[in-house]
Structure formats: structure tokens, C-alpha cells
1. Got a sec? Which of 74, 44 is at negative phi, in contact (Cβ under 8 Å) with a residue 40 or more places away in the chain, surrounded by fewer than 18 Cβ atoms within 10 Å (Cβ to Cβ) and touching a helix residue (DSSP H, G or I) at 6+ places or on another chain (Cβ under 8 Å)?
2. Test of understanding: among 165, 175, 111, which residue is under 29 Å from residue 66 (Cα atoms) and assigned to a helix (DSSP H, G or I)?
3. Could you list, in sequence order, the residues of the stretch 132-164 that are surrounded by 22 or more Cβ atoms within 10 Å (Cβ to Cβ) and at pLDDT below 90?
4. Just the residues that are within 19 Å of residue 163 (Cβ to Cβ) and crowded, with 24+ Cβ neighbours inside 10 Å, please, taken from the stretch 9-20.
5. One residue is enough: does the stretch 97-104 have a residue meeting the conditions surrounded by 22 or more Cβ atoms within 10 Å (Cβ to Cβ), in contact (Cβ under 8 Å) with a residue 12 or more places away in the chain and in contact with a helix residue (DSSP H, G or I) (Cβ under 7 Å, 6 or more places away or on another chain)?
6. On the basis of being surrounded by 18 or more Cβ atoms within 10 Å (Cβ to Cβ) and closer than 23 Å to residue 159 by Cα, does residue 29 make the cut?
7. Which one of the conditions (1) touching a residue at least 60 places away in the same chain (Cβ under 8 Å); (2) within 24 Å of residue 171 (Cα to Cα) does residue 39 fail to meet, given that it meets all the rest?
8. Looking at this structure, is residue 178 modelled with pLDDT under 90, in contact with a helix residue (DSSP H, G or I) (Cβ under 6 Å, 6 or more places away or on another chain) and surrounded by 12 or more Cβ atoms within 10 Å (Cβ to Cβ)?
């Protein structure tokens, strides 16, 4: 029972955290794993393994993949995805933990949404700094690294829940320390754009 609860918690928090980086990658990892029979998702998340959901997630992943490689377009893309990633992280976390108990599911949803917000803010802030570089290659490398981190982190949550939860605790501690800086960095591209308009 304890191992089942731990695994559900790792999936819930992992899905929330990964959604903040790339919600479509999170859905694809969970859905493809379920569809191929590699993992057994909780009942409320079985829908992710359906072909219509997988097809929609794959299309949106491809569009996001392209937008995320273009400087400044990626920051606008991140801004627009604020209303997608955080609620999706909460919903995925709720679905993953609902098999434990309704109370645990609600707590997981709150934590999942918070983790999604944190990883989303970390991504947005770091990409704002990278956008100051005139060459596009660092932007592309950062985007690929973020996608790999979202996918790899969620796979780790599915296969080694204790290891993932320990690393997640380190991420949260670092995020709390960096939070004020990340907020300023996330707003940097929009301040520069406003300054350019005022100067023209």
C-alpha cells in the first residue's frame, strides 16, 4: 500500500512539474506509456492513452516545439501557455492521485499546480536571459534541453519514484531561493519591448 501511494505521489508531482516545462510532452509520455502497456496509469488518466488524445498532444507538441526555438516568440509562447500549463499540471496531478483518496487527490492537485507554476516560471525566466544572446543556437539548445528534462524527469518519476522525489525537493528548494530573480527575468523581454516602443 505504501509503495502504491508513493508511486502515485511521484506520478502526480512529476506530471505537475513536467507540465510547467512542456505540458504536451507530459501528456505524451504518460499516454504513450499507457498505450504501449509500459505503465499502468490510474483510472482517471487512462484517457491519455487514447489515440485522439495522443494525436492532439502530438500536434500541439510539434507546434510548441517550433515556436519554442525562435527568440522572443518563445517568451510570448511561454506567456500564453501560463493559462495552459498550470491548470493542466493540477488536473494531471489530481487524476494520478485520485486512486489513493479524494483528500490526497485534492492536495496533489494543489501541489501539482504549484509545481507547474514553479517550473514554468523557471523556464520562462531562464529563456528570457538566453534571448539576450544575438545568436539563435543557445536558444535552440535550451529548448531541446527543456524538452529532454521534462520527458526524462517524468520517466524517472515513473521508474524510480524515490529518486525523483528527492531531486524534486532539491528543485523546490532552489526555486524558492531564486524566485524573486526569476520573476524579474521572466518580465525582461516585455520590458525591453516596451522600452523600444517608447524610444521609437
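1. Within the list 74, 44, the selection yields 44.
2. 175
3. 143
4. Residues satisfying the conditions are 11, 12, 13, 14, 15, 16, 17, 18.
5. Checked the stretch 97-104: at least one residue is surrounded by 22 or more Cβ atoms within 10 Å (Cβ to Cβ), in contact (Cβ under 8 Å) with a residue 12 or more places away in the chain and in contact with a helix residue (DSSP H, G or I) (Cβ under 7 Å, 6 or more places away or on another chain).
6. In short, yes.
7. Unmet condition: (2).
8. Answer is no for this residue.
The values are calculated or read from the model by the stated rules, or taken from the named source; none is laboratory data. Here the structure is a predicted model, which means the values were calculated and not measured. So basically every Cβ, Gly included, is an ideal-geometry build from the backbone, and we count neighbours across all protein chains shown.
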